[in-house]
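Below is one structure; the comments refer to it alone.
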Amino acid sequence: MTKAALAAAILLLLPSLAFGGDLRARAHAELQVVTTDDVKSEVAFGREVAAMILGKYPLYRDESLTRYVNLVARMLARNSNRPELNFTVGVLDTDMINGFSAPGGYIFVTKGAIDAMDDEAELAGVIAHEMMHVSQRHIVKELNIHGSDLSPAAGFSHMIGGAGDVVKVAFVKAMDEAVNILFERGYKKQDEIEADTLGTELIATAGYDPEALVRYFEKIKGGQEKETVTLKKLHPSFDERIGWIKQAVEKNGLGGEGHKKGVERFNGVIRKKG
Amino acid sequence: MKKTLMLLVVLLVFPHALFAAESVFVQSVKAKIMGEPNFKSKELGVAQKGDKLAVTEKGDGWVKVTAGSVSGWVNKLTVGDAPPMDKVSIITADSANLEGKSRKRASAMTSAAAARGLSDTERKRLTDEGKANYRDLVEMEKIAATIGDREIGSFADEGGVQ
């Protein structure tokens, strides 16, 4: 018994010596354990960026429309992996067709984008795309904010939880960079692919027509140039986007019977605005 | 001797089984467990928010898990590495007016959150320069803050979505 126990003890140690370093490194790199404090910092940063988005385009003041877009977002959020976020949506008062998002769950859809939509599934598709930029922390990773533990999400706490001018300067610089990504540079192509494909998975999981974004892009790609000029500048081509969305629908088996477009409810809220 | 040998064989072949097996936790309200990494395959079960699922394989956008006697695939969008967090907010419905001549102290911010982000002075500067609009931000937050779980549930039910 004693010999068996000793043998077992030695053999238990051997793998940890051989593989433990490997396992720890992998866990450290892959496991992004995010604390409540990290999320609060993410929301605080995103809130400031949201205010700057509204500095460029004011809020379209319509309470029933604002409630409606928020209900769509909150309902989608129940099907996603950021349950701690209160996704908050505003409609921007501009004819430009576009959507924006800031860390922490702030989402914006333009009035122009909504005017070009025909149903709730298309609205859900655009909102879901922006939600995925938030969920996947695209701006966080792009800003290369790192805390002491390799987790990009923890970087916000590190950056804005401290005091002093150096920290504040870094914070304002990060805000300016975030706005630059949103309005000038655009996201990386891989991030746009992720937002389109995961956004489509999200709306399909919620029960909406998974082809909604395809329908919407087919419609607006031939539209008025001045309304889509910024959208085209900041995103890959519509044809590319339609292509990878269709691939995602096929690969994940998202199609089928029973998905909703939500035409009636959408018209009830939107069309009566005139 | 036989028992010792058996133990040695098991430990040599499965050393990783002795160490932390990877798990994921359901983040969404529910997560369907499918027979294949595809929503058109057979649905084997449904996991609930907070359920801990043991990971046996990773795919492209999917994770193979075991939950009790069920072994199947969940979509990565519905799971995460840690148990789901409660809602995190730095804003309450009673938001502050940060613009204009009569500025009130932001009672909406927690004492910890108040130390985050920009100061009131910096926000006023950005507003005066036309770079930021906190008034509209507070307006949209106020509207969103009035939406509760029950209303979201009804909205989903009425629309035939979930």
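Considering only segment A:60-77, state which residues are without any contact (Cβ under 8 Å) to a residue 60 or more places away in the chain and either more than 10 Å from every other protein chain (Cβ to nearest Cβ) or open to solvent by 10 Å² or more (accessible area, probe 1.4 Å) (or both).
Taking segment A:60-77 as the starting set, the residues that turn out to be without any contact (Cβ under 8 Å) to a residue 60 or more places away in the chain are A:60-61, A:63, A:66-67, A:69-74, A:77.
Hits for segment A:60-77 are A:Tyr60, A:Arg61, A:Glu63, A:Arg67, A:Leu71, A:Arg74, A:Ala77.
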Counted residues, segment A:87-125 - those being assigned to a loop (DSSP other than H, G, I, E, B) and free of Cβ contacts under 8 Å to residues at least 40 places away in the same chain: 2
Residue check for B:Val29: open to solvent by 20 Å² or more (accessible area, probe 1.4 Å), closer than 25 Å to A:Ala77 by Cβ and facing chain A (nearest Cβ under 8 Å): yes
Residue tally, condition more than 21 Å from B:Lys87 (Cα to Cα), in a loop (DSSP other than H, G, I, E, B) and touching a strand residue (DSSP E or B) at 6+ places or on another chain (Cβ under 6 Å), over segment A:57-86: 2
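Would you pick out the residues in segment B:44-77 that are in a strand (DSSP E or B), free of Cβ contacts under 8 Å to residues at least 12 places away in the same chain and away from every other protein chain (no Cβ under 11 Å)?
Restricting attention to segment B:44-77, the residues satisfying the condition of being in a strand (DSSP E or B) are B:44-48, B:52-58, B:62-67, B:70-75.
With free of Cβ contacts under 8 Å to residues at least 12 places away in the same chain added as a condition, the list becomes B:57-58.
The answer is B:Glu57, and nothing else.
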The one condition in (1) open to solvent by 30 Å² or more (accessible area, probe 1.4 Å); (2) touching a Pro at 6+ places or on another chain (Cβ under 8 Å); (3) at pLDDT below 90 that A:Asp93 fails to fulfil: (3)
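Do the conditions hold for A:Leu254, that is, is it modelled with pLDDT under 90 and open to solvent by less than 30 Å² (accessible area, probe 1.4 Å)?
No: the conditions fail for A:Leu254.
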Wholly enclosed helices (runs of 4 or more DSSP H) of segment B:113-160 bearing at least 1 residues closer than 21 Å to A:Ser41 by Cα: B:120-128, B:134-145
Selection from segment B:146-162 of residues that are at the interface with another protein chain (Cβ under 8 Å from one of its Cβ atoms) and either open to solvent by less than 30 Å² (accessible area, probe 1.4 Å) or not polar (S, T, N, Q) (or both): B:Ile147, B:Glu151, B:Ile152, B:Phe155, B:Ala156, B:Glu158, B:Gly159, B:Gly160, B:Val161
Number of the exception - A:Ser41 against (1) more than 9 Å from every other protein chain (Cβ to nearest Cβ); (2) open to solvent by less than 10 Å² (accessible area, probe 1.4 Å): (1)
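Quick one: would you say B:Ser23 is more than 24 Å from A:Gly199 (Cα to Cα) and free of Cβ contacts under 8 Å to residues at least 12 places away in the same chain? Walk me through it before giving the result.
On the way: more than 24 Å from A:Gly199 (Cα to Cα): yes; free of Cβ contacts under 8 Å to residues at least 12 places away in the same chain: no.
So B:Ser23 does not fit the description; no.
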Some residue of segment B:44-62 being open to solvent by 50 Å² or more (accessible area, probe 1.4 Å), at pLDDT below 95 and closer than 22 Å to A:Met131 by Cβ: yes
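The values are calculated or read from the model by the stated rules, or taken from the named source; none is laboratory data. Values in this document were obtained by computation on a predicted structure and should not be read as measured data. Glycine gets a Cβ as well: all are built from the backbone with ideal geometry, and neighbour counts include every protein chain shown. Surface accessibility is based on the protein's heavy atoms, side chains included, excluding ligands, DNA and RNA. Shrake-Rupley method; radii C 1.70, N 1.55, O 1.52, S 1.80 Å.
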